[in-house]
Amino acid sequence: MYARCCTRVAVGGGRHILQQRLLKVTPGTGFEHDLLQDAVSRNCGHHAVSELNERTSTSQETVPDPKAWIEPSGHDTGIMVYNSLCRRKVPLILPNKSFASWYQCGPTVYDHAHLGHACCYVKFDIIRRIMEDFFNIDLVMVMGITDIDDKIISKARELNMEFTHVAQTFANEFKRDMVRLRVQPPTVYTRVTNYMPQIITFVQKIIDRGYAYPTDNGSVYFDVRKYGDRYGKLVYQSDAELAQLREVDKEKRGFRDFALWKAGKPGEPWWTSPWGKGKGRPGWHIECSTMASAIFGDQLDIHTGGIDLMFPHHENEIAQCEAHHCVPQWANYFLHAGHLHKTSDKDKMSKSLKNTITIREFLEKYTANQFRIFCLMTRYRSVVEYCDTMMNEAVSVQRTLTSFLNNADAYIRGQLQCEAIDEALLMEKLGETKDKFRRAISDDFDTRAALEAILHLVHVTNKQLRTGGEVENPVRSPGVIAAIQAYVDRVLQLLGVEYPGRRKMSGSTVDSTAQMKDVLDSLVKFRNTVRHYALLKGPDAQPKYGQPQTTAPSPAGEGEVGQGKLQRKEREPLMKACDEIRTELVWAGIQIQDRGRKSSWQVLEDQSLEGKQHSLSDPNYSQEQLKKYFVGS
């Protein structure tokens, strides 16, 4: 049996450092218990020792890999996740049954947030909603915002502003953009400049443990050589590769070492420190380690970010935290979102590459719903290609879902007629969809497969709701349609795809909303009667308000063609008035749908100029279509 523990080693001058070692213990002798207890009492407390592995062999025992992922003990959530720490799907196990701690790297706020940011944060928002609403896990999420950085300092110089004003401006804009995209805010936002005392204490403790060293000018570096073979849990980099990535600095003991604290430079912001000349600011990696530890302590369940942060940022976070807390495994799960890039650009979308589309620019053309569906169409780990074709597909999916929900509403209210519905088939498909959806979201949050299951159910149901002309005394099945509609609506809402018009009219109270619905129902009913009268045939046809009419042909005889033309000419103003009302309501955000002799209304989901123009581009009935209702046209 092998156990990993921290041991205190004298290095001279009365100083000691803590080093993790693998101890071989012979099982069954009782000595292993005494040894582990002694290690705990003399060194780092209850986190100092972790039994790693026990393997029996007649010939030899293999020492476990110090980089190996240690599966946590506790509650199995039933979710399989791809964990970057072991590069495979593993069960998501939480020490506490219904609680998870989650740290997410936030933006460096020196410019407008772009679509690459949006894709990452929307995808993790979807995962968060799945965990909270489908698996009943209470999440505490912390997002760290970097508000002091080389890029922020450069931007401040460029704009001739204080760096704090630059950071505050873009941090606020980022939060507003997340609201526009319906990304739920984290439980806690943390900002680096609010954690300077904690950062300095954190760095000093790593120095005290022997894993970092200060330089004469006041910088502090992490000693990767001293940290040993544990470095590289996420990404293995050879010495040659690391030599190309690391900055050349004569003060560093090894080229693999990285900065925890940077000595102050003329003209740059600085904070008082106990090292060197006493002025400096934190390195990038130490910021997230400190803020996450300040909230969650020495153990973290989930850490997330873009794939570009895996190395060196997340790798260095792991090294810093495990050295500071003296634990073999700080974060149990690392989840990384794939890059977003344009079709014409092989590189990720990045401000530094100047190939970005800001969130504000994007939302001038598309809606938050359409972008969320775009994100649902791919796995969160996949590299996402942004192009018009993909966005058009997302828009098409969004319209399919909206149309289904509205058609189901109309059927339930009796405003849509169709042939008899196969209830048994639809109930079977609903059950199958629920199973497929649950399996998909349990499999590393596979939203692509989950969305495909929902769309298949919608397709099957739409075929049943397809109108085939007038149906006399149709057999109705509103119950099964209502059940399917409620499931689809609930799932979409839980995933963050919202249709506000289906729940309330913006800015209205409950009473005023109900009153407005009554007014619209009456208006549509009146318009339907007028429109129906305009389509009736025969000289004796008279409208009865609120009553369905038949379109019996006029008695055959001489002058029938002329009479039809006369009717059309007399009633054209009525049809024109009906079309004008429909157009005016579209510009007011309300769409009327004419289905044969029935009409219904709904609030437009897409209230943009383009959305309203699309609603007017394909009217169900217009004056041009009027001709087919009259004999002799």
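Details
- Accessible surface, the range 196-342, averaged per residue in Å² (probe 1.4 Å): 38 Å²
- Computed FRET value (nearest 0.05) for Ser73 with Asp150, which takes r as the C-beta separation and R₀ as 35 Å: 0.25
- Electrostatic bookkeeping for Trp330 treats Lys and Arg as +1 and Asp and Glu as -1; over the other residues with beta carbon under 9 Å from its beta carbon, the sum is -3.
- Extension gain (nm, one decimal) between Asp298 and Val475, 0.36 nm per residue minus Cα-Cα: 57.3 nm
- Normalised convex hull volume, the range 156-284, alpha-carbon set, Å³ per residue: 171 Å³
- Relative frequency of Cα-Cα separations exceeding 12 Å in the range 260-300, percent: 62 percent
- Full-stretch length increase - Lys463, Glu428 - with 0.36 nm per residue and alpha-carbon distance subtracted: 11.1 nm
- Proximity of backbone amide H atoms, modeled 1.01 Å from N, is registered between Asp446 and Ile441 at under 5 Å, excluding neighbours fewer than 5 places apart on the same chain.
- Rg/Rh, computed from the Cα trace of the range 371-465 with Rh as the Kirkwood radius, has the value 1.03.
- Per-peptide average of other Cβ atoms within 10 Å, ordering 154-162, 137-145, 89-97 highest first: 137-145, 89-97, 154-162
- Semi-axes of the equivalent ellipsoid of the range 294-441 are 41, 25, 13 Å, computed as sqrt(5λ) over the eigenvalues of the C-alpha gyration tensor in descending order.
- Remark: the Asp249-Lys576 segment gains 109.8 nm on full extension, using 0.36 nm per residue and subtracting the alpha carbon distance.
- Cross-link table Lys250/Lys277; Lys226/Lys279; Lys89/Lys429; Lys97/Lys233; Lys67/Lys250, entries beyond 20 Å C-alpha to C-alpha: Lys226/Lys279; Lys89/Lys429; Lys97/Lys233; Lys67/Lys250
- Estimated inter-spin distance, Met161 and Asn96, nm [label 7 Å along Cα→Cβ]: 3.8 nm
- Residues in the range 254-271 carry Karplus couplings, in order, of x, 5, 7, 5, 10, 7, 9, 9, 9, 4, x, 10, x, x, 10, x, 8, 10 Hz; the curve used is 6.51 cos²θ - 1.76 cosθ + 1.60 with θ = phi - 60°, and Gly or Pro positions show x.
- Spin-label model, Val179/Arg225: points 7 Å from Cα along the beta carbon direction are separated by 5.3 nm.
- Amide H within-cut-off set for Ile590, under 5 Å, with H built and near neighbours excluded: Leu604
- Coupling constants for the range 194-204 follow from the phi torsions by the Karplus curve (6.51 cos²θ - 1.76 cosθ + 1.60, θ = phi - 60°), and in residue order they are 8, 10, 4, x, 5, 5, 4, 5, 4, 5, 4 Hz; glycine and proline get x.
- Accessible solvent surface per residue of the range 98-177, calculated while the other protein chains remain in place, 1.4 angstrom probe, Å²: 33 Å²
The values are calculated or read from the model by the stated rules, or taken from the named source; none is laboratory data. Model, not experiment: these values are computed from the prediction. Please note: Cβ atoms are built from the backbone with ideal geometry, for glycine as well, and neighbour counts cover all protein chains shown. Surface accessibility is based on the protein's heavy atoms, side chains included, excluding ligands, DNA and RNA. Shrake-Rupley method; radii C 1.70, N 1.55, O 1.52, S 1.80 Å.
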